[in-house]
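Taking it in order: structure first as structure tokens, then the write-up.
What follows is calculated from the coordinates using simple rules that are stated; it is not laboratory data. These numbers come from a predicted model, not from an experiment. Positions of Cβ are backbone-derived with ideal geometry, glycine not excepted, and every protein chain shown enters the neighbour counts.
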Amino acid sequence: MSTASVTRVRKAYEQVYDQLRELIVRGELTRGERLPGELALAREFGVSRGTVREALRALAGQNLIRTAKGASGGSFVTLPTVDHISAFLQANISLLSESNDVTLTEFLETRELLEVFAARQCATRRSDADLQRLRETIVADPATLPTEEQFVYNKEFHSVLLDSAGNTLLRIAAQPIFSVLQTNLSREAMSPRFARRINEEHRAILAAIVLSLIYPPKQAAADLEDGSAIDEA
């Protein structure tokens, strides 16, 4: 018999997991709905309670259900949120960073790619409130602040920029990369020169966002080059 034609038989708990997951994703089991107990599910699927328990563990691992104990406890549908997915990605990207499978240079290159796109989207979608939030993340002289506080302002700038871009998938993809990079950089004291350079880069990004809706791109670029836009922002 040729092994190329053989399809692996899925384990019983995987089949139960697949069916419950499908019901949740299709919306037949809604957020907050309580699932039947283990015994009832075992009877319905024709499997053991241990098999059901394994399936529920797999669902919980994907943030598709939460389990509560007590008289009013049980398993409840809880679809993953943007923050859940972002945190999951961040944990795994952090592992890649710590194992040196991803270099600092690769992080910086990816951040630049994502940040430029986020700034472009922010320029066309931002509100006055978004601009004000961005301004509040830029201090007069970051070198006068403790290192930890410098990184708080730096992280907040990127978070506001991603929020203002108005693209949920972009935020899910970019936030973990920015956070891991921030953690790696914060392990070492930031020199005053480097802190000021980052701050000026943020001011330039803010100026470009403001000017993109007022001037043609070439004029905006020229103003950024001579520094006048930074003063206006």
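Here are the numbers for this structure:
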quantity	calculated
Gln132 versus Thr168: modelled label distance in nm, points set 7 Å from Cα along the beta carbon direction	2.7 nm
Answer label for semi-axes √(5λ) of the Cα gyration tensor in Å (calculated), chosen among (1) 47, 20, 19; (2) 26, 26, 16; (3) 29, 20, 18	(1)
Span per principal axis, largest first, for the Cα atoms of the stretch 3-77 (Å)	49, 25, 20
Segment Glu109-Arg193, extension gain: residue separation times 0.36 nm, minus the distance between their alpha carbons	28.1 nm
Under-5 Å amide H pairs with Gly74, H placed in peptide plane, nonlocal only	Ala68, Lys69
Average Cα contact separation per residue, the chain, under 8 Å, 6 or more apart, as relative contact order %	17 percent
Exposure proxy order (Cβ contacts within 10 Å, fewest to most) of Asp163, Asp141, Asp128	Asp128, Asp141, Asp163
Cα centroid separation, the stretch 6-63 to the stretch 73-123 (Å)	28 Å
Residue order, fewest to most beta carbons within 10 Å, for Thr110, Thr103	Thr103, Thr110
Residues Lys69, Lys11, sorted so that the one with the fewest Cβ neighbours within 10 Å comes first	Lys69, Lys11
Overall form of the stretch 105-178 per C-alpha gyration tensor (a/c, 1.5; a/b vs b/c)	oblate
Potential lengthening between Thr147 and Phe88 on full extension [0.36 nm per residue; Cα-Cα distance subtracted]	18.5 nm
